[in-house]
Amino acid sequence: MDMKTPLSLALVFVSVFVVYFFDHALSTTVTYDHRALVIDGKRRVLQSGSIHYPRSTPEVWPELIWKSKEGGLDVIETYVFWNYHEPVRGEYYFEGRFDLVKFVRTVQEAGLMVHLRIGPYACAEWNFGGFPLWLHFIPGIQFRTTNDLFKKEMLRFLAKIVGLMKEEKLFASQGGPIILAQVENEYELVEWAYGVAGELYVNWAAEAAISLNTTVPWVMCRQQDAPDPIINTCNGFYCDQFTPNSPSKPKMWTENYSGWFKSFGYPIPHRPVEDLAFGVARFFEMGGTFHNYYMYFGGTNFGRTAGGPLVATSYDYDAPIDEYGFIRQPKWGHLRDLHLAIKHCEEYLIRSDPTHQQLGHNLEAHIYYKSSNKCAAFLANYDSELDANVTFNGNLYFLPAWSVSILPDCKNVIFNTAKVVSQRILAHTTTANKLILSATSWSWYVEKPGVWGNNSFTESRLLEQINTTKDTSDYLWYTTSINIMPGQSKEVFLLIESLGHAALIFVNKKLVAFGYGNHDDASFSINEKICLVEGNNTLDILSMMVGLQNFGPWFDVQGAGIFSVVLIDPWNNKYDVSAEEWTYQVGLEGEYLGLDKVIHANSSVWIKGSVPPINKTLIWYKVSFLAPQGNGPLALNLTSMGKGQAWVNGQSIGRYWPAYLSPSEGCTENCDYRGEYDSTKCQKNCGQPAQTLYHVPRSWVHPGQNLLVLHEELGGDPTKISVLTRTGQEICSFVSEDDPQPADFWILNMGFGSRSPEARLTCEQGWHITSINFASFGSPQGNCGAFSVGTCHANILPMVQKACIGEEQCSVPVSTANLGDPCPGVLKTLAIEAICSN
């Protein structure tokens, strides 16, 4: 029953050998043919996963990569983020979370390969799509088209990154891990907007990439007109029907969305693992040989890195590894088993193209032959409703709707995409240490509405926000005065129109309105009845950005901020004040004072008191806290706050906006994985904020007092903020006698032998099983977290306790020989619930 088998020891040996090989190899040749990437003369079937290095910290890179490797990945894919590597033209930054070389080397040390997506356009829900904003201000420049100014800058950055990788000997031909590079990114989606100039740009980008002589193949994702020898690849939820634009190129999938990104004001997307696995299996069934999850680990949009508009700080993406670096089950485990099943077929997949065989309506098989009597097969039921029994090679097979079975010997099923036998984790019962922040140690600073410094300036028009702030701050004050003459109406409607993303409106220094857009349409209007006084009245508008646009044609010139301000009196007379004299102030006074920085924690501007003001707009809060014990990541629960930004020990953990609730409708309690998926199909948390917990990396806190600073824009209660850390998890397994045996039991030419299915339980690394809450073999009822004994029941609790308690992982064979037979002739199931703890 112990998982520590000779197989585990063999995997350790293989890992050590692979690391040694990569560290000592002098040269690896990477080419391609119509079937696959060819590495040192051999076709390879490769599983890849996206991990973006700045969305985590260097301290956890090794763990993330190790978990990816344990999950069956061969390759790590990442973008390169130009705006943070060259924040000022000619001044480069490759340190901390942006230490690209260190990240690539960390992947290499784990024995994995790298696909480097240099772009330099990334999209990635990243601020400005990864372009530095200074690029926007080069006179005459136009992005992503045949513009000489843009092409010069793009080629310069491409050459910088390629040169850096060559200097560090990181390309495969130099003994490094980089086997692929990417130029541009999903340009096909916007190419129509640029006309002939777009077509010419695609050809130029390909020529520019080839000229850099990386010695590894280049790809263009989602680019049907990618010229030879650039490989065009597929992005999407499904890519089984994709065909490369040349018979000499392999079928590659560079972005398979493991879920979707979160946006403020939207429900939380979720993609069921049964559908995700179905998409992957169908791709390899129909000739694919390189596949990448976008994302395998999503991470966090720290600081102001989130793109826009209104992309949330969490970039969790419902990925196999969650935002905090914990394995997400059953997604991680089910996909690991899938990868192993496909790996068992690799020698067949690389030998031939698939042979198709129709098995019935919406039923088919694809067979890969190694010789006339040796083959591997994929049996597919792509009906979205009906299960089926099919006959293949004289044998009968049951195929659930929307599923694929994998037969590495054309006979035995070692995996079915719809049968999830890997363990599950009950997220809502995950235990946590909760530390409520003391209300006796708060300090605060209240911003005054309007212009605050002598660096303000005046214009007789409304200015576009991005060109004005140059993204040095999310905030821009628009201030003007309104003069009411005797006899004029003091009650008017104030109509404000904005390109986005949000705005606070103050009349005579009092808050009168708040408006905001959403991710799909950041623009908004405010129509508010206001009361003015005779004489001068002040109108102060704080326009707020929530991430620069990162996608779409000509996205670099899409604006933000206020573009119209009109007063309407009771007689419907309109007074357009847009062209009046406006005074502008970039940023907040608190930003100018550096209140987010540790060095200003003792500044005299802070007001101290036992009870901080609550539900107040434009207020800064400061408090010290002791981090919960342990080595794991932390989370700030900001449910009680409105909208703003937060810093821990001077490090920005990002924007928060729990006051923005998603629509109350559009979610499903029990999502049916069958049928084509899109990002709105299986949504969760309707009527709730998109995000309430905000990631604080453990490396950002230290023993003793830590500093938390918040800037609250709308109003909230900071005394209800809590700091959490996970200390355990509840896990469960539900495996039947007729479920497939674990794919790692399969031995080529020998099959499974006499092995039976297994219930496997695994804790997070460093945690151990401390208790077994439920164990029954027979006909247990209910779901994970709410199991109960059925009419058929064998009490196996003592057996499971002996096998599992105190272990990091354990396994229990599901067979009557091992567990007894409480009801002969009845199909039986083993259900176990356990607690892992540190």
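Could you tell me which chymotrypsin sites (Phe, Trp or Tyr not before Pro) in the stretch 506-593 are loop residues by DSSP with no more than 11 other beta carbons within 10 angstrom of their beta carbon?
W571
With no solvent and one equal point scatterer per Cα, compute the Debye intensity ratio I(q)/I(0) for the chain at 0.06, 0.07 Å⁻¹ and report its log10, rounded to two decimals.
Here log10 of I(q) over I(0) equals -0.44, -0.59.
Which lysines have a Cα less than 20 Å from the Cα of K67, not counting those fewer than 8 places away in the same chain?
By straight Cα distance, K67 reaches K4, K102, K331, K343.
To the nearest 10 Å², what's L359's accessible area with a 1.4 Å probe?
40
Could you work out the local net charge near N373, counting Lys and Arg as +1, Asp and Glu as -1, over the other residues with Cβ closer than 12 Å to its Cβ?
Its environment carries a net charge of +2.
I need to check one value: relative contact order of the stretch 322-418, counting alpha carbon pairs closer than 8 Å and at least 6 residues apart, in percent.
Value for the stretch 322-418: 21 percent.
Select from the chain the helices, each a whole stretch of DSSP H, whose alpha-carbon atoms run 24 Å or more along the helix axis and whose Kyte-Doolittle mean is at least 1.6; answer none if there are none.
Once both thresholds are applied, what remains is 6-24.
Sorted by average packing, counted as other Cβ atoms within 10 angstrom per residue and highest first, what order do 215-226, 261-272 take?
Sorting 215-226, 261-272 by mean packing, highest first, produces 261-272, 215-226.
Loop-only GluC sites (Glu not before Pro) in the stretch 571-660, please: DSSP not H, G, I, E or B, and at most 13 other Cβ atoms within 10 Å.
Here the GluC sites (Glu not before Pro) that fit, given the DSSP loop and packing criteria, are E581.
Would you list which aspartates and glutamates come within 16 Å of K370, measuring only between C-alpha atoms, while excluding same-chain residues fewer than 8 positions from it?
E285, E346, E347, D353, D409
With an 8 Å cut-off on Cα pairs and a minimum separation of 6 or more residues, tell me the relative contact order of the stretch 457-587 in percent.
42
Using the Karplus curve 6.51 cos²θ - 1.76 cosθ + 1.60 with θ = phi - 60°, what ³J(HN,Hα) values do you get for each residue of the stretch 379-395, in whole Hz, with x for Gly and Pro?
Per residue, the Karplus-derived 3J(HN,Hα) values read 9, 10, 10, 9, 6, 8, 9, 9, 6, 8, 10, 10, 9, 9, 6, x, 10 Hz.
What is the chain's relative contact order, in percent, from Cα pairs under 8 angstrom and six or more apart in sequence?
About 12 percent, as a whole number.
Stokes-Einstein D for the stretch 19-351 at 4 °C, 1.567 mPa s, Kirkwood Rh over Cα pairs, in µm²/s?
For the chosen part, D equals 65 µm²/s.
Excluding residues on the same chain fewer than 8 positions from K529, give the lysines whose Cα lies under 28 Å from its Cα.
K448, K490, K509, K510, K574, K616, K643
Nearest 20 debye, what's the magnitude of the dipole of the chain about its Cα centre given +1 on Lys and Arg Cβ and -1 on Asp and Glu Cβ?
In total the dipole reaches around 1480 debye.
Along the charge dipole of the stretch 575-627, pointing to its positive end and built from +1/-1 on Cβ of Lys, Arg, Asp and Glu, which listed residue (W582, I599, I619) has its Cα farthest out?
I599
Quick one: what are the phi-derived ³J(HN,Hα) couplings along the stretch 780-793, Karplus 6.51/-1.76/1.60 with θ = phi - 60°, whole Hz, x for glycine and proline?
x, 10, x, 10, 3, x, 9, 6, 9, 6, x, 5, 9, 8
222 nm [θ] for the chain, helices only, -39500 (n - 2.57) per DSSP H run of 4+, per residue, to 500?
Taken over the chain, the calculation gives -5000 deg cm²/dmol.
For the stretch 509-518, just list the computed ³J(HN,Hα) in residue order, Karplus coefficients 6.51, -1.76 and 1.60, θ = phi - 60°, integers in Hz, with x standing in for Gly and Pro.
6, 10, 5, 10, 6, 9, x, 6, x, 9
Which one, T816, F378, Q688, projects farthest toward the positive side of the charge dipole computed for the chain from Cβ point charges (K/R +1, D/E -1)?
Result: T816.
Which percent of the accessible area of the stretch 356-421 is formed by carbon and sulfur heavy atoms (probe 1.4 angstrom)?
46
Quick check: convex hull of the Cα atoms in the stretch 457-587, volume per residue, rounded to a whole Å³?
Dividing the Cα hull volume of the stretch 457-587 by its residues yields 104 Å³.
Of the accessible area of the stretch 457-587, with the probe set at 1.4 angstrom, what percent is carbon plus sulfur?
Taking all protein chains in place, the stretch 457-587 shows 49 percent carbon and sulfur surface.
How much of the accessible area of the stretch 19-351, probe 1.4 Å, is carbon plus sulfur, in whole percent?
Solvent-exposed carbon and sulfur of the stretch 19-351 make up 54 percent of the total.
Measuring with a 1.4 Å probe in the full set of protein chains, what accessible area per residue, in whole Å², belongs to the chain?
Dividing the accessible area of the chain by its residue count gives 38 Å².
For the ranges 489-496, 296-303, what's the packing order if you count other beta-carbon atoms within 10 Å of each residue, average per peptide, and put the highest first?
In decreasing order of mean packing, 489-496, 296-303 become 296-303, 489-496.
When the Kirkwood hydrodynamic radius is evaluated over all pairs of different C-alpha atoms of the stretch 49-169, what value in angstrom, to one decimal, is obtained?
The answer is 15.2 Å.
So in the chain, what percent of DSSP beta bridges are antiparallel if you round to the nearest 5?
In the chain, DSSP labels about 80 percent of beta bridges as antiparallel.
Listed highest first by mean packing, meaning other Cβ atoms within 10 Å per residue, what order do 112-122, 698-708 come in?
112-122, 698-708
The values are calculated or read from the model by the stated rules, or taken from the named source; none is laboratory data. Quantities reported herein were computed from a predicted structural model and do not represent experimental measurements. Cβ: placed from backbone, ideal geometry, glycine included. Neighbour counts: every protein chain shown. Each accessible area value is taken on the protein alone, full model and side chains, heavy atoms only, with ligands, DNA and RNA left out. Shrake-Rupley method; radii C 1.70, N 1.55, O 1.52, S 1.80 Å.
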